[in-house]
Structure formats: C-alpha cells, structure tokens
Amino acid sequence: MKLKLIFLTLFLIIAQLTSAQVKFEAKVSKTKLGVNERLRVDFEMNKDGDNFTPPSFLGFTVVGGPNQSISNSWINGKRSYAKTFSYFLEPRGRGKFTIKQATIEIDGQIYKTLPIKVEVTGAVDKPKDGNDTDFVASENLHLVAEVSKADPYLNEAITVVYKLYVSPRISVSNWRELDSPKYSDFWSQAIDMKQLRIENGQYKGEPYRYVVLRKTVLYPQKTGKLNIEPLTLTVSVDVPTKRRDIFGGRLYSTVNKTVAAGNRTINVKSLPEQGKPDDFSGAVGSFDFKVTTNKSELDATESLDARVSVSGNGNLKLFDLPKLNVPNGLEQYEPQHDERVRTNLTGMAGNISDTYTLVPQYKGKYPLPPISFSYFDLKTESYKRITTDEIVINVKTGPEGETIVTPSGSSTGNKKLVTQTGKQFRFLKLNANLSSINKKHFFKSTAYWLSLTAPLLAIPLFLFFGKRREERLSDVSGNRVRKANKLARKYLSEAKKNLGNQKEFYIAMERALHNYLKAKLHIQTSDMSKDRIQRLLKEREVEDTVSIEFIALLESCEFARYTPSSTSAMQQDYDKASRVIASIDKQL
C-alpha cells in the first residue's frame, strides 16, 4: 500500500512539473507552397513573456502582422494560457528557405523556437471560383502605369502616370506602397499630388472607377532599351459575399491583395549626328537665348552685371550654359547660377541663368563678343543655333591703358592691358607690431600647487562616492526599479531610431510602455488590462488626464498594426510618450 502511495505521489509531481513547463514553438500553415501563394507563421507560447523578437524571414515579404491573440481560460480550477504572434508572408521567388529562430524572454529566461524549412515552388493554379474572395479581388483590381511616349529621344521628357482601377463590384478601404520604382537610368521628378480624386473611366471596355496615385516626369539619360520598374501596392479590398446580416444587408469580406503596375520598356533614340554643332551641350527642347547687361555706360572701378540666360521648355537642369568671354581690361568674377524651373506633365519649363560681375579698370570701349547656343528642337527634329549680338561697354572716366596690337599688325583701341597701379597690396598690413612673450616657469606656480594638492583633496570624495555605491548595490528593490527604468528608456530610444518605420517603431514603443509599468506598478504584462492600469494609476494619485493619455498611447500601438501611420503621427506619439512618462514620474 505504501509503495502504491509513493508511486502515485511521484506521478502527480511529474505531471505538475510537466504542466508547468514553458513551451514556445513556431508553426507554419504549410511547408510547401507556390510562388503565388501566402504562408502563415504562428509563434505560440503557453506563458506570457516580454521582448518578443521575430526572425528576419529571409526570402519572404511580410504582408501582414504581427497579429497578437491571447487565450486565457480556467478548466476544473486549472488555468490554460496561450499567446500567439502571427505573420503572413509572401515568397519573393522559388527556392528552399528556412524560417529562423524567434526569441522571447519569460521569467528572466530566453527561449527560442526551432527553425522550420519551407519549399517554394512555381506558381500553382488557383481556383477560378466566382465566389472565391481572393479570385474576385484579383479580377476586379488593376494597377496600370501609363507612359506618354514609348520611343523618346535622349533627354526628352516622358511622363509615367500610375492609376489604380477598381471595379464597381468591390470597394477599396486602404492601400500603401510596398515597393517604389527607383528610375536608375533616368532623371526623375515626382509631380506633387495635392489630393487624390476618384474618377470614372473604362478598363478593357468595362466601366471602372480609378484614382491617379502618382505622376512622375522622366528624362532618359541612356540610349537603347530602358526598363521602368513597377510600382507595387498592398491594397485592402472589401469583397461582397453571399451571406447577409439580420437586416438583409450583404456582408463583405476583406482581402489584402498585392498589385503591381508591371515592367514597362521604352526604346530611347540617340540624337542624330548629322548637323550636330560643335558647341552642342545636350540641350533638348524649345528655347530662347539672351545675353543682357544692367548698364552700358559706367566709370572705371564701378561694376556691372552681365546675364547669360536660357528660357523655354526642355531639360533645363541637365546642360551647361555657354561661357561669357570678356576683353582684357574687364575684371571678371565667377558667375552666380540661378534656376527658376517648374516641372509639370509636359516636362521642365522656366529659365536658367549665369550672372557675371564685371569691373572695368580703364577708360575706353569694351565689346562683349557674340555668344552662340545650340539645342535640339523636338518639333522639327533638327538642331538650331541662336547667336546674340555684340554688346559694347562704354567706360567714360578712368586711367588710360596701353593699346594692344593684334598679330595682323592692326591696332585695336578697345582692348587694354592690365597694368599694376601700385595699390594691389594696399590691404596687407605691413607693420605687424609684434611683442615678446615672457616665459613663465611651472615650478612654484599656481598650477604646480594645484596638481600637488588635488590628489589629497580627492580622497574624501572617493570615500563618499564609494559609500554611496555600496548603499546603491545593497538596495535590491531599487536596483530592480532602476533596471526596468533603464530598459524602458532603452526601448523608447529604440523607437526614436525607428521613426518612419511604422512596424518597428510601435513594437519598440509598446515594449517601453510595458516595461515602464512593470517598474512603477509592479505588475506583469499578462495582468496589464486597461481597466487595471487605470485603477492602479488612480490609486497612486495620478491625474485622470495623464492616465487617459497613457491608455491612449497603448491603443495607438495596437491600432498601428492594422492602419497606416505617417512619420509626423509617429513623432507626435513619441513626444507624447516622453511627456506622459515624465508626468507620471513627477506625480508618483
């Protein structure tokens, strides 16, 4: 009888230890899938933990998640707890991939999942069922890239307009960019879209609604066949089902679809060699060319501005202006470049200019020789040249210069040699007024006595701070609070580093808030219900407005998993978190 009692006791102890064992494992919806299918990965645990870190999901794109679910129940007096983090993945290509280890901290210990191998094969046939929500969404949602010209010249403007077509059979509730084109072989300029408008149109002969998402002006910088990369979106589509609610209204099912505009190839033609001017600098379009001065008469040592400008439509930012040649006797400074260019669907339009400052040194007449500017005219598909007139600068008063004789023997009275006037170095200080430096000895100086007595004075300070350090180390509960505070500041700083990355930012923000509550209210993450947090803060005499703001921050972290957020909204949440934590610290 005693032997049976011993065996029964051992059995109960082993069963209790087994039931208390921590489990943390990864599960996948399938281990083999097609490149056009999606994979669900669940990370499950039977005890609550902190600082969950997912794997990198190499070879996949995360299109959904992390979605968090918690199950907490009592059966026959025993608690059953389960917490799951779910991710939805889309393969980037064929191959064999490994879902690496995820980690979590439970009761101070780090637990890891086992790696899972997944094979991605070629695309599989999906059922073309008219009642299948995924198929209905695919057939009624299209992203199109419309290119204004398929065979432009080098440096000729083309426009790419991205339109999202939506059939009346479905509705779109939200979308975000998954991948943006980089336009590596183009000079690109995005057109500012002040607001998105829904318009009616047709797609393949059927009535559709569409919205213009993006307009981009491109100037090809290479000849030959160039690829325009696709724009990829993740769209939340509401698809009607056959089910109805109690009032007879049709129920909708939400499907997340990835749509791409597809690659577009254009054939860029090179500019013709026949008739190309020697001074051609790459200007393509329709232009006007001028050289002007702000004055034609002045005295020596006065200044004037000579402006070389090109205006019109074309690749204004992609070529150099002709240089201004001036005769001897005119001092010329580096030009100031100015661009007043706007970009619209037809390309760049406006004017660019170089403004030279000229200063005559001598009396006389100085001609600015004509300047030529060449460009390729797209309308006539030929080269054109514009030549300016000669401009004469009349310097009425000033010193006389020497006349220069040209190699042909003729003299020209308008070119002057620059001679020194003896005042070129008038700004240099010739008398430095140097004074001697008295050499001071270190021995018996003030610095000498300070360096001698400083170690003796530092001994009491070392004793004082050493005693404080021992008291701090012996304070076990205080050290726990300080450690949690340090961890909260760490995650709050991590959130600041991830501003702009919505998922990483709000994960770090939620970790910081949870660790802060653990430090201040001495509760675990599993007990952090909103009502309990609000009640504990009220018991600690924290103002209601502050506790409401803290709860709102937690809700923002939850909503951010399902709704897109801007960088400015993330910055506001970060500033709000810093302010609320500081307010609670003061009131506690």
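The values are calculated or read from the model by the stated rules, or taken from the named source; none is laboratory data. Quick caveat, the model's predicted, so the values are computed rather than measured. Backbone-built Cβ (ideal geometry, glycine too); neighbour counts: all protein chains shown. Just so you know, the surface numbers come from the protein's heavy atoms only, side chains and all, with ligands and any DNA or RNA stripped out. Shrake-Rupley method; radii C 1.70, N 1.55, O 1.52, S 1.80 Å.
Here are the numbers for this structure:
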{"item": "Matching entry among Lys163, Lys128, Lys182 (being modelled with pLDDT under 85, of a type in the set (Lys, Arg), at negative phi and in contact with an Asp or Glu (Cβ under 7 Å, 6 or more places away or on another chain))", "result": "Lys182"}
{"item": "First in the range 301-315 and on the phi > 0 side of the Ramachandran plot, second anywhere and open to solvent by less than 10 Å² (accessible area, probe 1.4 Å) and among the β-branched types (Val, Ile, Thr), Cβ under 8 Å, 6 or more apart", "result": "Gly314/Val284"}
{"item": "Count of residues meeting criterion [open to solvent by less than 40 Å² (accessible area, probe 1.4 Å) and part of a strand (DSSP E or B)] in the range 326-350", "result": "7"}
{"item": "Filtered residues of the range 351-371 (kept if open to solvent by 10 Å² or more (accessible area, probe 1.4 Å) and under 43 Å from the mean Cα position of the chain (by Cα))", "result": "Asn351, Asp354, Thr355, Thr357"}
{"item": "Answer residue from the range 20-35, given it is farther than 16 Å from Lys112 by Cα and part of a loop (DSSP other than H, G, I, E, B) and is least open to solvent (accessible area, probe 1.4 Å) among those", "result": "Val35"}
{"item": "Checklist (1) more than 24 Å from Ser236 (Cβ to Cβ); (2) part of a strand (DSSP E or B) applied to Tyr183, failing item", "result": "(2)"}
{"item": "Looking only at the range 321-346, and only at residues there that are acidic (Asp, Glu) and touching a strand residue (DSSP E or B) at 6+ places or on another chain (Cβ under 7 Å), the one that is nearest to Glu390 (Cα to Cα)", "result": "Glu331"}
{"item": "Odd one out for Phe52, checked against (1) modelled with pLDDT of 80 or more; (2) part of a helix (DSSP H, G or I); (3) of a type in the set (A, V, I, L, M, F, W, C)", "result": "(2)"}
{"item": "Matching residues in the range 203-247 - criterion: being closer than 30 Å to Leu154 by Cβ, basic (Lys, Arg) and not in a strand (DSSP E or B)", "result": "Lys222"}
{"item": "Residue that is at pLDDT below 70 and either under 53 Å from the mean Cα position of the chain (by Cα) or open to solvent by less than 70 Å² (accessible area, probe 1.4 Å) (or both), where the choices are Lys416, Lys384, Lys439, Lys423", "result": "Lys416"}
{"item": "Tally of residues being within 17 Å of Pro66 (Cβ to Cβ), open to solvent by less than 10 Å² (accessible area, probe 1.4 Å) and of a type outside the set (Ser, Thr, Tyr) across the range 84-117", "result": "4"}
{"item": "Sole exception among (1) in a strand (DSSP E or B); (2) open to solvent by 30 Å² or more (accessible area, probe 1.4 Å); (3) of a type outside the set (Lys, Arg); (4) closer than 30 Å to Phe319 by Cβ for Asn174, by number", "result": "(4)"}
{"item": "From Val259, Val291, Val308, residue being open to solvent by less than 80 Å² (accessible area, probe 1.4 Å), modelled with pLDDT under 90 and out of contact with any Cys (no Cβ under 8 Å at 6 or more places or on another chain)", "result": "Val259"}
{"item": "Pairs with Cβ under 6 Å, 6+ apart, first in the range 566-588 and farther than 13 Å from Gly500 by Cβ, second in a helix (DSSP H, G or I) and modelled with pLDDT under 75", "result": "none"}
{"item": "Given (1) part of a strand (DSSP E or B); (2) farther than 29 Å from Val160 by Cβ; (3) open to solvent by 20 Å² or more (accessible area, probe 1.4 Å), index of the condition Gln274 fails", "result": "(1)"}
{"item": "Any hit, the range 256-276, residues being over 26 Å from Phe186 (Cβ atoms) and under 32 Å from the mean Cα position of the chain (by Cα)", "result": "yes"}
{"item": "Top-ranked residue in the range 277-288 [being touching a Ser or Thr at 6+ places or on another chain (Cβ under 8 Å) and exposed (fewer than 14 other Cβ atoms within 10 Å of the Cβ); ranked as farthest from Glu156 (Cα to Cα)]", "result": "Asp279"}
{"item": "Close pairs (6 angstrom Cβ cut-off, 6 or more residues apart or separate chains): touching a residue at least 12 places away in the same chain (Cβ under 8 Å) and within 30 Å of Pro168 (Cα to Cα) in the range 181-208, among the aliphatic types (A, V, I, L, M) and surrounded by 15 or more Cβ atoms within 10 Å (Cβ to Cβ) anywhere", "result": "Pro181/Leu231; Leu196/Val211; Ile198/Val211"}
{"item": "Close pairs (6 angstrom Cβ cut-off, 6 or more residues apart or separate chains): open to solvent by 30 Å² or more (accessible area, probe 1.4 Å) in the range 502-519, among the β-branched types (Val, Ile, Thr) and part of a helix (DSSP H, G or I) anywhere", "result": "His514/Thr525"}
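Okay, residues lined up against (1) within 30 Å of Ser253 (Cα to Cα); (2) buried (at least 17 other Cβ atoms within 10 Å of the Cβ); (3) among the aliphatic types (A, V, I, L, M):
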| residue | (1), (2), (3) |
| --- | --- |
| Leu143 | yes, yes, yes |
| Gln189 | no, yes, no |
| Asp192 | no, no, no |
| Ile198 | yes, no, yes |
